[in-house]
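The values are calculated or read from the model by the stated rules, or taken from the named source; none is laboratory data. Note that this is a predicted model, so its numbers are computed, not measured. Neighbour counts run over all protein chains shown; Cβ positions are idealised from the backbone, glycine included. Only protein heavy atoms, including side chains, enter the accessible area calculation; ligands, DNA and RNA are left aside. Shrake-Rupley method; radii C 1.70, N 1.55, O 1.52, S 1.80 Å.
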Amino acid sequence: MSIILDVQNISKNFGGLKAVSNLSFSVEKGEILAIIGPNGAGKTTVFNLITGFYTVDTGKIIFNDKDITKMHPHKIAKLGIRRTFQNLRLFKNLTVYDNIIAAVYSEYNYNIFSALFNTSKKKEINKKSEQKTLEILEFFNLLSKRDNLAGALPYGEQRRLELARAIATEPKLVLIDEPAAGMNPSEVLDFINLLNAARKQFNLTLLLIEHQMKLVMSISQRIVVMDFGEKIMEGIPEEVKNDKRVIEAYLGSELNLEVF
Amino acid sequence: MKIKASNLLILIAILIYVLLKVAIATEFISEYLEQIILYTIIVIVVSLGLNLIYGYTGQFSLGHAAFYGIGAYSSAIICKILNIEDIYHFVPIIIISGVVSGFVGYLIGIPVLRLKDDFLAIATLGFGVLIRVFLDNSDRISDLLGGSRGFVGIPKITNLEITFFTVLILILLTINLINSRYGLFLKTIKSDELATSSLGIDVAKMKLLAFVSGCFLAGVGGSLYAHLYTFLHPSNFDILKSIDFLVIVIIGGMGSISGTVIASILWVGLIEGLRNFLPTEWMDFRWVIIPVLLIITMMLKPEGLFVKRSVR
Amino acid sequence: METTAYILQQIVNGIQLGSVYAIIALGYTMVYGVLRLINFAHGDVFMLGAFFVFYLINKFNFPLVTAVILTVCGTAIVAYLIEKIAYKPLRNAPKISLLITAVGVSLFLEYTLSLNIFFTPNYIAFPRPFEVKSYDFFVFSVTNIHIFIFLSTILSLLLLYFLIYKTKQGKAMRAISHDQQTAALMGINIDNIISFTFLIGGALAGLGGILYSIAYPQINVFMGVMPGIKSFVAAVLGGIGVIHGAVLGGFIIGLAEVFVSAFLSSTLRDGVIFLLLFIFLLLRPNGLFGKRIEKV
């Protein structure tokens, strides 16, 4: 199997606080890898480091054999990494349709000249983009809401929209940050199905941060466990479930152990 | 659907032009009123520029009038040096003046657009002050520029045709830009720069695009202005002028082209109307009313008076 | 010509001007630290300080000390009212709305007071309420005004330091400056602390107005515009939100302005300030003492 993302010994300090410490792991093409760990373990920081929003202090990040360690966020995104955000970052005052087509347009290009003079190239790309957007909206069951403002959607649908936006261009790697936050058990179940279906349909490789153990255990093929910025364990769900260190790290948090 | 709307717009525009032309030719409209109408069209194009920068892309610029001034002075200098006094040679100068403003906008934009809200405001305000100081001292470079005495003797070349059609074309191009993928990116940048970046879009480049385009429009407006009023003074292009344009964009609706057009017309109409009916002391009173209007707009309808309420 | 004496004298003048900028900058940096807002009206509170003290001394014949105290209290109250009326309703609005409102308040104050029924836009001369004494130091001279202004600034800095780092209110201010939401959750009364910040800021602006009009005894309704902007530049230079930065920034701006005025041309002095601003924004946007902030 080929390795699509290789995180090599990365560290990040925030003025004395070690957010991430000597972290290494790799993601194989086509797999679903989850990063779990108690709050403050540094999981979202890892995402921010991979996507270029923070710069690593030490270490390297290799994506598809390309060193993306010091790259700008938009260049990294252009290489094929997309993400969702822990606190949702939709374009709230734009429509559902616009949120998706904005993502699509990042791939379907025409130059300024075409834009200004309504060339046939612009019309062709517009049509192609519209088609793709409608496909995505349909798949994610948001077609009926296409003209609603993103900010006016119920929470669950906003999460779905952000996921749809991240997947719209069928990226090589999708980073999903706590997608099930704030969802009840039945919503989580629907989400698991959606994620599986999307992965199959669009041939995705997923890197997932999640707290909800049911989601993690049922969907991930491998899990990386973090605590205090370090990797404390890595393995398949069965192994992780029964690992002493993992259980210890979670003791004292609101996590319900019997969900294991 | 979109194509039809543009055609309709062009049709209406041509109608308006014909009406104006007839009115002026038959002297139904006085020369003074004609000048006001041309000035209004100029205000429309400059405000449109600021709308691109601030209304659509969310970059708060307090120095827009500086680019208006750069276009005006550039046009006046070039025409003076090349001895241009007729309309046909003037047309390329208008474009060139716009390009000069746009280019300065490019140079300033690269460092300044990295800044957020408040710092961007101060930086652009500061740039406006720099240009004002430069213009006030411009007679050190060339007596022609006049420094704080002002630039006199500019040939009067601006007329209805050139103003109307230049601005019409620019409005149509702007509409095309807004309705393109670039226009959408400007809106997403205003909404959330980080998220836009995460989609693979070069936010810095897009912001620069909006800024340079906006400055280009301001420069074009400046050029038309210079050869309409034939006299330029640095005080025409200071912070108060920048705030004038800002008020028009804010009240007319951020991100609304029609709103900008309407607000510009109302604005010039109001100022000129008051000028004719009120004694001069009352004219200064407008700077007491305007800020209050601004504050009230911010509290009640921050997206602008002619625009739908958006989701926070 | 440009002898050492001349240079030294300009340094003295620069420190005087810089002191006034420093005091104003302190107010800016404090409010920015707590609210992340450039209070454009701050320069106008400075102007009001000059006007209050002028009228108290010259029209109502108050003794100097009483006039100063009343003025400082007066400007503090004005700042408080501005916050309550114009800024508080927009506390949760997007930053731009607040900025525009601040610009609006500033313009409103200036133009209302410039109406003929109030102060008119003209300059009013300000006869100093005490005698100017000059002390000669080697080749330059220092007046009691120079000394008074400089000492006032240093004293203000020390008092502010004490306030922010040694009192409960100061701690609350620092907490709000870090994280307003959490501070509120911790039981800090946000409204009160913000009001308090504006009271102090207004007092400082008023003091600045008093000192400025003593040094340059001509008041005018628009006198706060340039000093206000320049003081903000000073605060940025020193690192916005950092108190000693504001003071150092003030001195840098004051000295730069006086030197450009003395050795180049007085008409260029406003320009040089903004040139400095641009350079800093490009090379060191966090200022001399500012902290680096990561984006996400």
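Quick notes on this one:
- Among the protein heavy atoms of chain B, carbon and sulfur supply 69% of the accessible surface, probe 1.4 Å, non-protein parts ignored.
- Average accessible surface area per residue within segment C:17-111, 1.4 Å rolling probe, Å²: 30
- Cα centroid separation, segment A:134-193 to segment B:238-253 (Å): 40
- In the B-A interface, the accessible area buried, summed over both sides, Å² (probe 1.4 Å): 2700
- Approximate shape of segment A:1-106 as ellipsoid semi-axes (Cα gyration tensor, √5λ), whole Å, largest first: 25, 18, 14
- Annotation for the C:B interface, with buried accessible surface near 3500 Å², both sides summed [1.4 Å probe; non-protein components not counted].
- Counts of other chain beta carbons within 10 angstrom of each beta carbon in peptide B:113-119 average 5.
- Under 11 Å, Cβ to Cβ, from A:Thr169 - net charge with Lys/Arg +1 and Asp/Glu -1: +3
- Cut-off 12 Å between beta-carbons: net charge of the residues surrounding C:Val103, Lys and Arg +1, Asp and Glu -1: -3
- The modelled label-to-label distance for the pair C:Leu151/B:Tyr17, using points 7 Å beyond Cα in the direction of Cβ, is 7.4 nm.
- Shown is the FRET efficiency for A:Gln131 and B:Arg286, computed with R0 = 51 Å from the Cβ-Cβ distance and rounded to the nearest 0.05: 0.45.
- Between the beta carbons of A:Asn9 and A:Lys66, assuming R0 = 22 Å, the FRET efficiency works out to 0.80 to the nearest 0.05.
- A Gaussian network model of chain B, with springs between Cα atoms under 10 Å, assigns the largest mean-square fluctuation among B:Ser47, B:Ser61, B:Ser142 to B:Ser142.
- Threshold 40 Å², segment B:196-212 residues less accessible with all protein chains present than alone (1.4 Å probe): B:Ser197, B:Ser198, B:Leu199, B:Gly200
- Annotation for segment C:135-200: chymotrypsin sites (Phe, Trp or Tyr not before Pro) lying in DSSP loop with at most 12 further Cβ atoms inside 10 Å of their Cβ are C:Phe138.
- Longest segment of chain C lacking GluC sites (Glu not before Pro) that sit in a DSSP loop with at most 12 other Cβ atoms within 10 Å: C:132-293
- Nearest 10 degrees, 0 to 90: helix A:155-167 Cα axis against chain A principal axis: 80
- Of all accessible heavy-atom area on chain C, the percent that carbon and sulfur account for (1.4 Å): 67
- Shown here for segment C:237-296: trypsin sites (Lys or Arg not before Pro) in loop regions (DSSP other than H, G, I, E, B) with at most 13 other Cβ atoms within 10 Å, namely C:Lys291, C:Arg292, C:Lys295.
- Exposed trypsin sites (Lys or Arg not before Pro) absent: longest stretch of chain A, with sites in DSSP loops and at most 15 other Cβ within 10 Å deemed exposed: A:71-260
- Within straight-line cross-link reach of C:Lys84, lysines at Cα separation under 24 Å, skipping those fewer than 8 residues along the same chain: B:Lys301, C:Lys95, C:Lys168, C:Lys171
- The sum of -39500 (n - 2.57) across all DSSP H runs of n ≥ 4, divided by the residue count of chain C, sets its helix-only mean residue ellipticity at 222 nm to -23500 deg cm²/dmol.
- With all protein chains in place and a 1.4 Å probe, the accessible surface of segment A:59-119 carries 49 percent carbon and sulfur.
- Karplus-derived HN-Hα couplings along segment C:280-285 (A = 6.51, B = -1.76, C = 1.60, θ = phi - 60°), whole Hz, x at Gly and Pro: 5, 4, 6, 8, 9, x
- Calculated accessible area for segment A:177-258 comes out at 51 Å² per residue, all protein chains present (probe 1.4 Å; ligands, DNA, RNA ignored).
- Helix C:95-113 vs. chain C, principal-axis angle (Cα, 0 to 90°, nearest 10): 40
- Loop-located trypsin sites (Lys or Arg not before Pro) in segment C:56-140, at most 16 other Cβ atoms within 10 Å (DSSP): C:Lys59, C:Arg91, C:Lys133
- For segment A:66-125: accessible area per residue (Å², 1.4 Å): 44
- Under the span-like rule (Cα at least 20 Å along the axis, Kyte-Doolittle mean at least 1.0), DSSP H helices of chain B: B:2-25, B:31-50, B:64-82, B:87-112, B:117-136, B:160-178, B:203-229, B:257-277, B:280-300
- Cα centroid of segment C:169-211 to Cα centroid of segment C:94-152, whole Å: 24
- Structure note, pairs A:Lys75/A:Lys132; A:Lys29/A:Lys231; A:Lys66/B:Lys207; A:Lys70/B:Lys205: Cα-Cα distances above 24 angstrom occur for A:Lys66/B:Lys207.
- Cα long-axis angle, helix C:4-35 against chain C (0 to 90 degrees, to the nearest 10): 20
- Backbone amide hydrogens, once placed in the peptide plane, bring C:Thr143 within less than 5 Å of C:Tyr135, excluding anything fewer than 5 places away on its chain.
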